[in-house]
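Trainee: This is the structure I have questions about; it appears just below.
Quick note: the coordinates plus some simple rules give every number you see, no bench work behind them. Computed from a predicted model, the values in this text were never measured in an experiment. Cβ sites come from the backbone with ideal geometry, for glycine too, and all protein chains shown count toward neighbours.
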Amino acid sequence: MITTGKAPVLAIDGPGGSGKGTVGQILAQRLGWHFLDSGALYRAVGVVAKRENISFDDPPALAHLATSMRIRFIPQTDGSAATVLLNGEDIGDLLRTEESGKLASIVAALPEVRRALLQKQHSFRQPPGLVADGRDMGSTVFPDAVLKVFLTATPEIRAQRRYKQLIDKGFDVNLPRLLDEIRERDARDAGRAVSPLKPAEDACILDTSQLDISGVVERVHDLLRERQRSG
């Protein structure tokens, strides 16, 4: 439980396609809490770096970019992808491409970028509370979160979910290639030296392969209420 007097945090971690973003947005809306999509921060660094011709072999320049970004998330009431404003520009669609996922995985492996984004992530922690989704929210960024949940699902299920999400957005994607990329990113994220993808020791692990979004939302909300009552 939180003992610091800071705003409470619900940390939802997991690999891409596990449902953490949708679940996080719905719960943020239900609770009236702020929302942080930490993966979008890394995607934004990657996308803007490529747009501004910043070398991915220049960690200091990438870290400076991460520090200077002004980013805001507006969760959607239907659970669809949050609106992401970068310096006032809506870049949400740019962040949901296959390429942006690759770029995010590259910059997320750089300690300089992770350090630069840590303070920015902490700044989202404001009353009455924060729902933070990502890959290391509970294990690294918010170790005193009131509840840590790690969502997972098979790579095949996650690829199908991401495929549908991208097709619905009008993107031209290939399902077998998407599955390969998800497996490759899982391996990179789990094997990186800094904040590897893994559940926090005290996280509640929930396999969402056979659950719909509403079922996951209710389960996580129940866990949060139990944790708050016990505190």
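Trainee: With each run of n ≥ 4 DSSP H residues scored as -39500 (n - 2.57), what mean residue ellipticity at 222 nm is computed for the chain after dividing by its residue count and rounding to the nearest 500 deg cm²/dmol?
Mentor: Mean residue ellipticity at 222 nm (helix-derived): -15000 deg cm²/dmol.
Trainee: For segment 125-231, what D do you get in µm² per second when you plug the Kirkwood radius from alpha-carbon pairs into Stokes-Einstein at 20 °C and 1.002 mPa s?
Mentor: Value of D from the Cα-based Kirkwood radius: 137 µm²/s.
Trainee: Sticking with this one: Which whole-Hz couplings ³J(HN,Hα) result when phi for each residue of segment 43-50 is put into the Karplus expression 6.51 cos²θ - 1.76 cosθ + 1.60, θ = phi - 60°, listed in order with x for Gly and Pro?
Mentor: Per-residue couplings from phi come out as 4, 5, 4, x, 5, 5, 4, 5 Hz.
Trainee: Karplus couplings for segment 51-66 from phi (6.51 cos²θ - 1.76 cosθ + 1.60, θ = phi - 60°), rounded to Hz, Gly and Pro as x?
Mentor: In residue order, the calculated couplings are 5, 9, 6, 8, 5, 6, 9, 10, x, x, 5, 5, 5, 4, 4, 4 Hz.
Trainee: Considering every Cα-Cα pair within segment 9-230, what fraction, in whole percent, is farther apart than 21 Å?
Mentor: 52 percent
Trainee: Moving on. Explain nothing, just the number: relative contact order of the chain, from Cα pairs under 8 Å at least 6 residues apart, as a whole percent.
Mentor: Contact order relative to length: 33 percent.
Trainee: To continue, here is another question. Taking only Cα atoms of segment 18-64, what ratio of Rg to Rh do you get with Rh as the Kirkwood inverse-distance radius?
Mentor: Rounded to two decimals, Rg over Rh is 1.18.
Trainee: Listing LEU130, LEU85 from the residue with the fewest other Cβ atoms within 10 Å to the one with the most, what is the order?
Mentor: LEU85, LEU130
Trainee: Quick one: check the C-alpha center-to-center distance for segment 43-94 versus segment 104-150, whole angstrom.
Mentor: If you average the Cα positions of each part, the centres end up 15 Å apart.
Trainee: Taking the Cα centre of segment 9-230 as origin and charging only Cβ (+1 Lys, Arg; -1 Asp, Glu), how large is the dipole, in debye to the nearest 20?
Mentor: Its charge dipole is roughly 320 debye.
Trainee: Same structure, new question: Please report the antiparallel percentage of the DSSP beta bridges confined to the chain, to the nearest 5.
Mentor: Here the share of antiparallel DSSP bridges comes out near 25 percent.
Trainee: Can you tell me the length gained on complete extension of the stretch GLU98 to LYS198, counting 0.36 nm per residue apart and subtracting the Cα distance?
Mentor: Here the answer is 33.8 nm.
Trainee: What order do you get for TYR163, TYR42 when you list them from fewest to most C-beta neighbours inside 10 Å?
Mentor: The order, fewest Cβ neighbours first, is TYR163, TYR42.
Trainee: So if I restrict to the alpha-carbon atoms in segment 29-127, what is the Rg, and what is Dmax, the biggest pairwise distance, in Å?
Mentor: 13.3, 42
Trainee: Now, a different point. Obtain the radius of gyration and the Kirkwood radius of segment 76-147 from its C-alpha atoms and give Rg over Rh.
Mentor: Value, to two decimals: 0.97.
Trainee: Also: Would you mind checking the pairs LYS164/LYS198; LYS50/LYS102; LYS6/LYS120; LYS148/LYS198; LYS102/LYS148; LYS20/LYS148 and listing those with alpha carbons more than 20 angstrom apart?
Mentor: In this structure, LYS164/LYS198; LYS102/LYS148 exceed 20 Å between Cα atoms.
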